[in-house]
Amino acid sequence: MIDYGYSLKVLNIPLGEEIFKICYYSFHMTYLLIDQETQRLKFRQLRSSDFDEWLPLFKEKNTAKFLEMDPNLTPFELCEKWFEKSFYRYKNELGGMNVLINKETDQFIGQSGLLVQNIDNQNRLEVGYSILPKYWNQGYAFEAASKCRDFAFEHNFIDSLISVIHTANKGSEKVALKNGMTFEKKFDNNFNIFSIEKINWKQ
């Protein structure tokens with residue numbers, strides 16, 4: 001199972017900037033959950049030094065497919081694209097993924113966050129989540145996703161949240177449903193959009 005909540009292509013932003021230059025900019029951290037915690041996890045900003053920890057995700061056969069990335073790229077190149085996109089988001093106040101650290105073991109578990117997405121010419125706020133393969137099926141994706149949901153609604157960022165999930169990614173679909181979301185519509189042929197309204201939160 002691969003726990004992703006979003007496609008890297010949804011936003012349609014350029015990826016040509018150099019990864020190790022972007023990371024040194026001073027960012028306004030809109031929508032980030034830096035220093036937030038759950039029962040097992042602590043959230044922090046992504047760093048360029050996290051690259052090697054995150055690389056194993058892109059060695060899984062369905063990663064490029066579920067993120068709608070170029071399947072001809074190497075795992076290293078795919079990981080570079082992820083970091084470029086992440087730092088672009090930080091720089092342009094488009095939300096972003098936060099690193100998930102196990103509070104007890106200090107291990108890098110995955111990434112999750114709130115992401116500004118352009119869906120049918122409308123800005124929506126997405127709950128995204130990706131977990132390293134060795135930590136799948138341990139409840140980390142839902143733990144992180146539910147924290148993102150609560151954080152967004154508690155801070156009145158928006159009245160509804162979405163998760164954009166590849167139609168074949170049943171693991172992430174289960175997380176979205178457990179997070180209180182329901183199917184909203186199909187998007188861009190290969191993706192489903194799940195959503196939750198603030199008025200239905202905590203019901």
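The values are calculated or read from the model by the stated rules, or taken from the named source; none is laboratory data. Quick caveat: nothing in here was measured; it's all calculated off a predicted structure. So basically every Cβ, Gly included, is an ideal-geometry build from the backbone, and we count neighbours across all protein chains shown.
For the stretch 172-187, the set of residues classified as surrounded by fewer than 14 Cβ atoms within 10 Å (Cβ to Cβ) and either basic (Lys, Arg) or modelled with pLDDT under 95 (or both) consists of LYS178, LYS185, LYS186, listed by residue number. Filtering the stretch 158-191 to residues that are touching a strand residue (DSSP E or B) at 6+ places or on another chain (Cβ under 6 Å), within 20 Å of LEU32 (Cα to Cα) and not β-branched (Val, Ile, Thr) leaves SER160, LEU161, SER163, ALA176.
Can you name the residue in the stretch 21-37 that is surrounded by 16 or more Cβ atoms within 10 Å (Cβ to Cβ) and within 23 Å of GLU154 (Cβ to Cβ) and, of all such residues, is modelled with the lowest pLDDT? So that I can check it myself, show each step before the final result.
Initial filter on the stretch 21-37 (surrounded by 16 or more Cβ atoms within 10 Å (Cβ to Cβ)): 22-23, 27, 31-33, 36.
Still in the running and within 23 Å of GLU154 (Cβ to Cβ): 27, 31-33, 36.
Working: PHE27: 38, TYR31: 92, LEU32: 94, LEU33: 95, GLN36: 96.
Out of the qualifying residues, it is PHE27.
Scan the stretch 186-199 and tell me whether some residue there is out of contact with any Lys or Arg (no Cβ under 7 Å at 6 or more places or on another chain), on the phi > 0 side of the Ramachandran plot and in contact (Cβ under 8 Å) with a residue 40 or more places away in the chain. There is at least one residue in the stretch 186-199 that is out of contact with any Lys or Arg (no Cβ under 7 Å at 6 or more places or on another chain), on the phi > 0 side of the Ramachandran plot and in contact (Cβ under 8 Å) with a residue 40 or more places away in the chain.
Can you pull out the residues in the stretch 153-171 that are among the hydrophobic types (A, V, I, L, M, F, W, C) and buried (at least 23 other Cβ atoms within 10 Å of the Cβ)?
Filtering the stretch 153-171 down to residues among the hydrophobic types (A, V, I, L, M, F, W, C) leaves 153, 157-158, 161-162, 164-165, 168.
Residues satisfying the conditions are LEU161, ILE162, VAL164, ILE165.
Just so you know, in the stretch 72-101 the residues that are in a strand (DSSP E or B) and in contact with a Phe, Trp or Tyr (Cβ under 8 Å, 6 or more places away or on another chain) include one that is nearest to HIS155 (Cα to Cα), and it is GLY95.
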